[in-house]
Amino acid sequence: MSFRNLLLMLPLTLASFGAAAADIKIGYVNTERVYREAAPAQNAQKKLEREFAPREAELKKLAARGKELEGLLARNKTPSPERRQMERELESVDREYQAKARDFRDDLNQRRNEEFAAVQERANRIIRQMAEREQYDLILQDVVYVSRTLDITDKVLKELGK
C-alpha cells in the first residue's frame, strides 16, 4: 500500500473510531464524596470516634496538665526545689503526651484504613454491579476533570444507603 493510499484511508479510519467511541458508556464516581457522604462511611467514622474517645480524652487531660505546669512555671520565676520539681514533671508530662499522641495517631490511622477498606470494597462491588446492570463500558474514579453528565456518584451513594 502506498503512502498516498494510507493518507486517503486515514480520515475514514478516524471517522470509524469516532463512531465507535460514541457508543461507549462512561461514568465517574467521586470517591471523596463516597467516603464523606455514604452511610457506611459515616457509620465507620462514628465507630472510630467512639472507639478512640477515651484515648483522646486522656490526651486532652495530659495537654491540660502540661499547660497548667507551664503557667505555674511562668509565674514562679525564682529557682527553688519546687520549681525544679515542676520542670521535671512538665518534661515527664510532655514525653508521655508525645508518646501517647504518636501511638494514638498510628492506631487511629490503622483502624481508619481498616474501616474504610471495607467501605471501599462495598462501594466497588456496588459500582461493578451498577456497571453490569446499566451496561457501562467504563467507570472512572479520581480524575482531574469530568463533566457532570458522567458523574454517577449520587447513584452509588443511594445504593450504598440501602
Review point. What is the residue count in the range 85-123 for residues that are over 25 Å from the mean Cα position of the chain (by Cα) and among the polar types (S, T, N, Q)?
Key: 2
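Of all residues being polar (S, T, N, Q) and either open to solvent by 80 Å² or more (accessible area, probe 1.4 Å) or under 10 Å from the mean Cα position of the chain (by Cα) (or both) in the range 29-45, which is farthest from LEU140 (Cα to Cα)? Just the residue, please.
Looking at residues that are polar (S, T, N, Q) and either open to solvent by 80 Å² or more (accessible area, probe 1.4 Å) or under 10 Å from the mean Cα position of the chain (by Cα) (or both), I get ASN43.
Can you tell me which residue among TYR136, TYR145 is assigned to a loop (DSSP other than H, G, I, E, B), at negative phi and touching a Gly at 6+ places or on another chain (Cβ under 6 Å)?
Only one candidate qualifies: TYR136.
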Review point. Would a scan of the range 132-154 turn up a residue that is closer than 22 Å to LEU48 by Cβ, of a type in the set (A, V, I, L, M), touching a Lys or Arg at 6+ places or on another chain (Cβ under 9 Å) and open to solvent by less than 80 Å² (accessible area, probe 1.4 Å)?
Key: no
Revision key, fill the gap. Scanning the range 148-162 residue by residue, those part of a helix (DSSP H, G or I) and of a type in the set (Val, Ile, Thr) turn out to be THR149, THR153, VAL156
Point to revise | Residue within the range 63-86 that is within 30 Å of GLN42 (Cα to Cα), assigned to a helix (DSSP H, G or I), touching a residue at least 12 places away in the same chain (Cβ under 8 Å) and open to solvent by less than 70 Å² (accessible area, probe 1.4 Å) present | key: yes
Point to revise | So GLU96, is it open to solvent by less than 90 Å² (accessible area, probe 1.4 Å), assigned to a helix (DSSP H, G or I) and under 25 Å from PRO40 (Cβ atoms) | key: no
Exercise for review: Test ARG50 against the criterion of being farther than 30 Å from ARG125 by Cβ, without any contact (Cβ under 8 Å) to a residue 24 or more places away in the chain and loosely packed, with under 11 Cβ neighbours inside 10 Å, and give yes or no.
Suggested key: no
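The values are calculated or read from the model by the stated rules, or taken from the named source; none is laboratory data. No experiment lies behind these values; they were computed from the predicted model shown. Using ideal geometry, Cβ is built from the backbone for each residue, glycine included, and neighbour counts are taken over all protein chains shown. Accessible surface is based on the protein model in full, side chains and every heavy atom, while ligands, DNA and RNA are left aside. Shrake-Rupley method; radii C 1.70, N 1.55, O 1.52, S 1.80 Å.
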